[in-house]
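Here, each number is a calculation from the coordinates, and none is a lab measurement. If you're wondering where the values come from, they're calculated on a predicted model, not measured in any experiment. With ideal geometry, Cβ positions are generated from the backbone for all residues, glycine too; neighbour counts draw on all protein chains shown.
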């Protein structure tokens, strides 16, 4: 999906105070979105290229070390799958 598709689908969620922070594009995907990031006062929301939503609470200031199966460690907040904010593309 392209930027306009994501913008329309996010707007259709009708979530008060939802702000789109960033759209990450596929490297050679012809203008297609790879990831979209947004937030409300309470949540940070990340959508993947298919419009599936993942959230984390903004109330939690705690960042943690997250280790991946590859052994790589990063500092961040864990996202959980949250179907409430899944995007529906027309």
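Report, to one decimal in Å, the Kirkwood hydrodynamic radius for the stretch 3-85 based on all distinct Cα pairs. Walk me through the intermediate numbers first.
Numbers: mean 1/r = 0.0719 Å⁻¹.
It works out to 13.9 Å.
Report the gain in length on full extension from residue 67 to residue 41: 0.36 nm times residue separation, minus Cα-Cα distance, nm rounded to one decimal. Mind dumping the intermediate values first?
Details: separation 26, 0.36 × 26 = 9.36 nm, distance 2.77 nm.
Between residue 67 and residue 41, full extension yields an extra 6.6 nm.
Assuming R0 = 22 Å, what is the FRET efficiency of residue 88 and residue 24, from their Cβ-Cβ distance, to the nearest 0.05? Let's see the in-between values first.
Details: r = 21 Å, r/R0 = 0.93.
So the FRET efficiency works out to roughly 0.60.
Tell me what the chain gives for mean residue ellipticity at 222 nm when only DSSP H runs of n ≥ 4 count, each as -39,500 (n - 2.57), the sum divided by the residue total, rounded to 500 deg cm²/dmol.
Values: 1 runs with 10 residues, N = 90.
Rounded to the nearest 500, it is -3500 deg cm²/dmol.
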Extension length gain for residue 77 and residue 50 (0.36 nm per residue less Cα distance), in nm, is 7.6 nm
Among 68, 6, 54, rank each residue by its count of other Cβ atoms within 10 Å, from fewest to most, as a rough exposure measure.
68, 54, 6
Specify the angular offset, from 0 to 90 degrees and rounded to the nearest 10, of the alpha carbon long axis of helix 3-12 from the longest principal axis of the alpha carbons in the chain.
90
